[in-house]
Amino acid sequence: MHEKDPLFQPIKIGSKTSPNRFAINAMECCDSDENGNPGPKTYRRYRNHFEGGCGVIVLEAITVGYESRSRLNQLSVMPRNAKALEKFVAEMKSINKDAIFVWQLTHSGEISHPDFSKRVTPKQMYGFEGELLEEDDVKKIQQQFVTAAKIAHDAGADGIDFKVCHGYLGSQMTRPYNDRKWAYGGSFENRTRFAYETYEMINKEINDPDFLVGSKVSIWEGFPGGQGSAGPESALMDISESLELCKGLEARGAKFIIVSAGSPSITLALSQPDAKIPRDVYTHFTFQKAVHDVLKPETAVIGSAYSVLNNGNNKLVTRRKEENTLEYWGNRNIREGVTDMIAIGRQSLADSWIPRKMLEGNENEIKWCTACDNCIEFLIRQQNVGCATRDKEYALALKAIREKEGMLKEKKT
Ligand SMILES: Cc1cc2nc3c(=O)[nH]c(=O)nc-3n(C[C@H](O)[C@H](O)[C@H](O)COP(=O)(O)O)c2cc1C
């Protein structure tokens, strides 16, 4: 009987209601068509998600500009994509009108891919070295976000997640490392200007109280000068600014905060806890509680990094197996005010039907994520992303990659 569990209680987010506490986290899967519109594999994935019953579905990082992509086949949200995106939303909503559909709007900044995009940055960092942004450039980027939010709104999306996590432009702007003396760097006030101004511009343009605006935030990026560090050169953790940032976003209308950590191109195992050393799941819980404590009760806190817990087959087992599962910690964290909702990332590729299977008494059929991380390997290789452990099509794709690699190695020796 799951119906009475915290995970199955509805929750209000702005004027909308999520039927349960499960969210699908943004998962870029690199399978748009050549114009950045959803392709056949994108449709297949989201049809499946909408059938599976999660209350909130976050559309993967969709780029607001073609020159700021990290992935060749990344979804785009520009005027030329509007019609295709409208069709996409209409189909998804016809499958399940109750799921709240939020789009993660992003600009990759210094982690735009140099082969097909342009690296730009508030302050150059070793290993990335983008072109320095000036104030006029920032104004243009903000306008891209506003246009993208308007397209999302008019296409029928329920809201947007203005990305301030994982080392993308939102993070690059807010992190202490951005101590360059300019309107968008140096003091905390200057570093948050990009996010706060963009929020205000989006709210003004859309002017619809039912449209949800929120953000996914890295509370601690885990490297010197990253978000949540004590200064531009400091390796020490000090999350007070990250909490101020969440409060500042809330004051400018954020209805939800998706709590995350890490910057995958530098600290991958912090963003997505590693199967072998999964202890950062608990670091995420700590951040979720810290955010939950400083925000108003009506702002929904959505926690990340639950996939590695799965059904207890994880290396966190220090107690009874049934007390180390995603279900156990999800229920307990909601009950104890650590988070309001839990998001599934890698698990959504393995099987996003957790709510439906649990409610229909088919939980034994849930295909649990093993945190093998083949999905991120596909992404790093710029290939279509899927679950090579649970989906035959992607298992074969991975096999082909390995065989090709083996042949190349043989050739070399
Ligand atoms: C293949 C892949 C793609 C991802 N794409 C995104 C993305 O588009 N936006 C984002 O904020 N996080 C992205 N993430 C991170 C996840 O949303 C999530 O924060 C992380 O995987 C931890 O959650 P999990 O333990 O449930 O997987 C991605 C992760 C993976 C493995």
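Within segment 347-362, take every residue that is farther than 17 Å from ARG47 by Cα and open to solvent by less than 70 Å² (accessible area, probe 1.4 Å) and give me the one that is nearest to the ligand (Cβ to nearest atom).
Of everything passing the filter in segment 347-362, MET358 is nearest to the ligand (Cβ to nearest atom).
For segment 395-413, give me the residue count where each residue is modelled with pLDDT of 80 or more and not aliphatic (A, V, I, L, M).
Residues meeting the conditions: 6.
Of all residues in segment 94-105, which are open to solvent by 50 Å² or more (accessible area, probe 1.4 Å) and either free of Cβ contacts under 8 Å to residues at least 40 places away in the same chain or outside any loop (DSSP other than H, G, I, E, B) (or both)?
Once the filter is applied, which keeps residues that are open to solvent by 50 Å² or more (accessible area, probe 1.4 Å) and either free of Cβ contacts under 8 Å to residues at least 40 places away in the same chain or outside any loop (DSSP other than H, G, I, E, B) (or both), segment 94-105 yields SER94, ILE95, LYS97.
Select, from GLU131, GLU189, the only residue that is touching a residue at least 12 places away in the same chain (Cβ under 8 Å), of a type in the set (D, E, K, R) and surrounded by fewer than 21 Cβ atoms within 10 Å (Cβ to Cβ).
GLU131
Given the residues THR339, THR318, which is the only one that is more than 10 Å from the ligand (Cβ to nearest atom) and surrounded by 15 or more Cβ atoms within 10 Å (Cβ to Cβ)?
The match here is THR339.
Checking MET27 against (1) within 23 Å of VAL259 (Cβ to Cβ); (2) open to solvent by 30 Å² or more (accessible area, probe 1.4 Å); (3) in contact with a Pro (Cβ under 7 Å, 6 or more places away or on another chain); (4) not basic (Lys, Arg), which single condition isn't satisfied?
With (1) within 23 Å of VAL259 (Cβ to Cβ); (2) open to solvent by 30 Å² or more (accessible area, probe 1.4 Å); (3) in contact with a Pro (Cβ under 7 Å, 6 or more places away or on another chain); (4) not basic (Lys, Arg) applied to MET27, the lone miss is (3).
Would you pick out the residues in segment 215-233 that are buried (at least 18 other Cβ atoms within 10 Å of the Cβ) and of a type outside the set (D, E, K, R)?
Residues satisfying the conditions are SER215, VAL217, SER218, ILE219, TRP220, GLY222, PHE223, GLY225, GLY226, GLN227, GLY228, SER229.
Output the number of the condition that TYR394 fails; it satisfies all remaining conditions of (1) within 12 Å of the ligand (Cβ to nearest atom); (2) free of Cβ contacts under 8 Å to residues at least 40 places away in the same chain; (3) under 27 Å from MET1 (Cβ atoms); (4) hydroxyl-bearing (Ser, Thr, Tyr).
(3)
Would you please list the contacts, defined by Cβ atoms under 6 Å and residues six or more apart or on different chains, that run from a residue in segment 264-276 that is under 19 Å from LYS163 (Cα atoms) to a residue that is of a type in the set (S, T, N, Q)?
Listed pairs, sorted by first residue: PRO264/SER271.
Within the set of pairs 6+ apart or on separate chains, which have a first residue in segment 330-356 that is of a type in the set (Lys, Arg), a second that is within 16 Å of the ligand (Cβ to nearest atom), and C-beta atoms under 7 Å apart?
From segment 330-356, the pairs are ARG346/GLN272; ARG346/SER307; ARG346/CYS369; ARG346/ALA371; ARG346/CYS375; ARG356/GLY52.
When residues of segment 246-273 are filtered for being crowded, with 19+ Cβ neighbours inside 10 Å, within 16 Å of the ligand (Cβ to nearest atom) and assigned to a helix (DSSP H, G or I), how many remain?
Number satisfying all stated conditions: 6.
Out of ARG80, ARG69, ARG47, report the one residue that is free of Cβ contacts under 8 Å to residues at least 60 places away in the same chain, of a type in the set (Lys, Arg) and within 14 Å of the ligand (Cβ to nearest atom).
Of ARG80, ARG69, ARG47, the one residue that is free of Cβ contacts under 8 Å to residues at least 60 places away in the same chain, of a type in the set (Lys, Arg) and within 14 Å of the ligand (Cβ to nearest atom) is ARG69.
Name every residue in segment 100-121 that is away from the ligand (no atom under 16 Å from the Cβ) and touching a Phe, Trp or Tyr at 6+ places or on another chain (Cβ under 6 Å), in order of residue number.
GLU110
Which of the residues belonging to segment 238-294 are touching a Gly at 6+ places or on another chain (Cβ under 9 Å) and among the basic types (Lys, Arg)?
LYS255, LYS289
Just give me the residues in segment 379-391 being without any contact (Cβ under 8 Å) to a residue 60 or more places away in the chain, open to solvent by less than 50 Å² (accessible area, probe 1.4 Å) and touching a Phe, Trp or Tyr at 6+ places or on another chain (Cβ under 9 Å), in sequence order.
CYS387, ALA388
Any idea which of LEU236, LEU243, LEU212 is among the aliphatic types (A, V, I, L, M), surrounded by fewer than 24 Cβ atoms within 10 Å (Cβ to Cβ) and in contact (Cβ under 8 Å) with a residue 24 or more places away in the chain?
Unique residue meeting the criteria: LEU243.
Of everything in segment 26-38, what is under 20 Å from LYS93 (Cα atoms) and either within 16 Å of the ligand (Cβ to nearest atom) or of a type in the set (A, V, I, L, M) (or both)? Give them in sequence order.
ALA26, MET27, SER32, PRO38
Name the residue, out of LYS276, LYS296, that is surrounded by fewer than 18 Cβ atoms within 10 Å (Cβ to Cβ), on the phi < 0 side of the Ramachandran plot and either in a strand (DSSP E or B) or within 15 Å of the ligand (Cβ to nearest atom) (or both).
Of LYS276, LYS296, the one residue that is surrounded by fewer than 18 Cβ atoms within 10 Å (Cβ to Cβ), on the phi < 0 side of the Ramachandran plot and either in a strand (DSSP E or B) or within 15 Å of the ligand (Cβ to nearest atom) (or both) is LYS276.
Can you name the condition, by its number, that TRP329 falls short on among (1) away from the ligand (no atom under 11 Å from the Cβ); (2) under 19 Å from the mean Cα position of the chain (by Cα); (3) aromatic (Phe, Trp, Tyr)?
Status for TRP329: all satisfied but (2).
The values are calculated or read from the model by the stated rules, or taken from the named source; none is laboratory data. A quick note: this is a predicted structure, and the numbers were derived from the prediction, not measured. Here the Cβ is made from the backbone with ideal geometry for all residues, glycine too, and neighbour counts use every protein chain on show. Note: accessible area is taken over every heavy atom of the protein model, side chains too, but ligands, DNA and RNA are not part of it. Shrake-Rupley method; radii C 1.70, N 1.55, O 1.52, S 1.80 Å.
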